[in-house]
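The values are calculated or read from the model by the stated rules, or taken from the named source; none is laboratory data. Quick caveat: nothing in here was measured; it's all calculated off a predicted structure. Virtual Cβ from ideal backbone geometry, glycine too; neighbours counted across all protein chains shown. Each accessible area value is taken on the protein alone, full model and side chains, heavy atoms only, with ligands, DNA and RNA left out. Shrake-Rupley method; radii C 1.70, N 1.55, O 1.52, S 1.80 Å.
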Amino acid sequence: MILAQAAAGLASAVRDSDRADVVVIGAGPAGSAAAAHLGAAGIDVLVLERTPSTTARRGAEVLSPRAVAELDALGLTQADTEGWHRATGVRFVGGGMRLALAWPDVAGRPGRGFVRSRAALDESLSAYAVSRGARLRRATEVTGLTTDASGRVSGVSADGLTVEAAVVIDASGAGAGVQGARSGVAATADFVSPRHSDDHLESWLELSDAAGTRLPGHGWIVGRGDGHVTVGVGALADDTSATTDKCAFVLRQWLTALPANWQLTDATMTAPISGSRLGTHRDAGPRYANGVLRVGDAAQLADPLTGEGLTAALASGRVAAEVVAAALAHGTAAEREGVLAAYATLVDGALGRRRTLGRVAARLIDRPWITHLATTYALPRERLMKLVLGRLTTPNNPAVETCVTPSTMGRVIRAAAHPGTERGVDQR
């Protein structure tokens, strides 16, 4: 398999260099996707990653069908994803009810999703980038940008090494350029659980503690298929006063109320709760300026309504690579600059144009009384929830949504308050 061959030859693929066509800062999903596309195009690309390995990465990533489509565009085959845990849809939980929906049926898009530990996903994608011709240098932290006589960025400095490059791609993560700025936050924890093979992402629209007291934010439980599940709580609004510590506190309270059959206890927790900022800040600065393109969380491209950033990471890496390849094909600096300047518009087009509405919605759903209304009046309506899931997973052209795949519910009762509507009752 390509990924296995690349991993075996990783050390030999890394060589010292003080020059590359493109330098990529960071070997996460966005950086590895950009590097893989560039390497496949025959461009000399060097990826600099500050961590020595991916083993310290905790948590899980959910690859929706949109993200899987980006993997297909990257060139990964089914053989490369053999053994990845298959995710078939989303289970919404709230107000004592649950509704499981398959991924929306969208023309031209894979009907499958995956769940992968972050460590394993990062390793797979970086190894794949190497197999496509990129060079990867780990344990190398970029400390600054270098400039030429005109003031344009001409490369990076990293641990005493200066690397010259025609273009720099910043894939350094959500902390890039937004220190002190407000954005969505999340806290997650990993557990050993007998329900690790659950094939639905579980999205909790309403949180409460063991005493039934409502909690702010929303939660999720993700089975990884490797004996573990990842549980998280997020506050998505970019005007939130929440911190990672506050999210961790809410997560601890929520864990006391979760169904016992998940076995989410201190004894099964594999590492301390970890917190992070999400790439949802609206004032992240330009996505392209002076020879530097930002991708993924470094460009704050995560979905403002869901906090999900993997699809945006892979898509922005692809778009950045296409723009850079086109720019490098031009002979003059002015022509190259004109092509590079189009990146921001192109990446917005690739990700859809619902970001303002998404931020407003995120501010609303962070309020417990709003989520209570949603679980009371929206969750019982299956057709409405299918529409919601379609909007969450397809921000561009909703007209192609058909949602013909079957849904499943818990034990169903008739709701007298809503004649003709069925509700699934969560009895776990």
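Points to keep in mind about this one:
- Close pairs from region 45-61: first farther than 30 Å from Ala166 by Cβ, partner assigned to a strand (DSSP E or B) and open to solvent by 50 Å² or more (accessible area, probe 1.4 Å), Cβ under 7 Å, at least 6 apart: Ala60/Arg116; Glu61/Arg116
- Yes/no for Val115 being under 30 Å from Ser197 (Cα atoms), of a type in the set (A, V, I, L, M), open to solvent by less than 60 Å² (accessible area, probe 1.4 Å) and not in a helix (DSSP H, G or I): yes
- The set of residues in region 179-233 that are under 21 Å from Thr268 (Cα atoms), part of a loop (DSSP other than H, G, I, E, B), open to solvent by 40 Å² or more (accessible area, probe 1.4 Å) and not small (Gly, Ala, Ser) comprises Pro194, Arg195, His196, Asp199, Asp226.
The rows are residues; the columns are (1) within 20 Å of the chain's Cα centre (by Cα); (2) modelled with pLDDT under 95; (3) within 30 Å of Val23 (Cβ to Cβ); (4) of a type in the set (S, T, N, Q).
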position: Ser53; (1), (2), (3), (4): yes, yes, yes, yes
position: Pro65; (1), (2), (3), (4): yes, yes, no, no
position: Ala79; (1), (2), (3), (4): no, yes, no, no
position: Phe92; (1), (2), (3), (4): yes, yes, no, no
position: Ala102; (1), (2), (3), (4): yes, yes, no, no
position: Gly108; (1), (2), (3), (4): no, yes, no, no
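- Residues within region 298-341 that are modelled with pLDDT of 90 or more and of a type outside the set (Gly, Ala, Ser), tallied: 16
- Tallying residues that are under 15 Å from Ala34 (Cβ atoms) and open to solvent by less than 10 Å² (accessible area, probe 1.4 Å) within region 157-169 yields 4.
- Under the condition of being over 23 Å from the mean Cα position of the chain (by Cα) and surrounded by 21 or more Cβ atoms within 10 Å (Cβ to Cβ), the residues counted in region 16-38 number 2.
- Output for region 53-70, where each listed residue is closer than 15 Å to Gly28 by Cβ and either among the hydrophobic types (A, V, I, L, M, F, W, C) or open to solvent by 30 Å² or more (accessible area, probe 1.4 Å) (or both): Ser53, Thr55, Ala56, Arg57, Arg58, Ala60, Glu61, Leu63, Ala67
- Within region 85-109, the set of residues being part of a loop (DSSP other than H, G, I, E, B) and open to solvent by less than 20 Å² (accessible area, probe 1.4 Å) comprises Trp103, Pro104.
- Qualifying positions in region 98-141 - under 18 Å from Leu38 (Cα atoms) and of a type in the set (Lys, Arg): Arg132, Arg135, Arg137
- Pairs linking a residue in region 286-304 that is more than 12 Å from Ser316 (Cα to Cα) and open to solvent by 10 Å² or more (accessible area, probe 1.4 Å) to a residue that is among the hydrophobic types (A, V, I, L, M, F, W, C) and assigned to a strand (DSSP E or B), with Cβ atoms under 8 Å and 6 or more positions apart or on different chains, are Asn290/Val153; Val292/Leu145; Val292/Val153; Val292/Val167; Val292/Val168; Val292/Ile169.
- Filter pass, Thr140 being assigned to a loop (DSSP other than H, G, I, E, B), more than 23 Å from Leu278 (Cα to Cα), of a type in the set (Ser, Thr, Tyr) and in contact (Cβ under 8 Å) with a residue 40 or more places away in the chain: yes
- Restricting attention to region 125-153, the residues that are in contact with a helix residue (DSSP H, G or I) (Cβ under 6 Å, 6 or more places away or on another chain) and open to solvent by 30 Å² or more (accessible area, probe 1.4 Å) add up to 3.
- Filter pass, Glu49 being closer than 19 Å to Ala302 by Cβ, among the acidic types (Asp, Glu), open to solvent by less than 50 Å² (accessible area, probe 1.4 Å) and in contact with a Lys or Arg (Cβ under 8 Å, 6 or more places away or on another chain): no
- Only one of the listed residues (Arg116, Arg137) is of a type outside the set (Phe, Trp, Tyr) and within 25 Å of Ile221 (Cα to Cα). That residue is Arg116.
- Selection from region 154-175 of residues that are touching a residue at least 12 places away in the same chain (Cβ under 8 Å) and assigned to a loop (DSSP other than H, G, I, E, B): Asp159, Ala171, Ser172, Gly173, Ala174, Gly175
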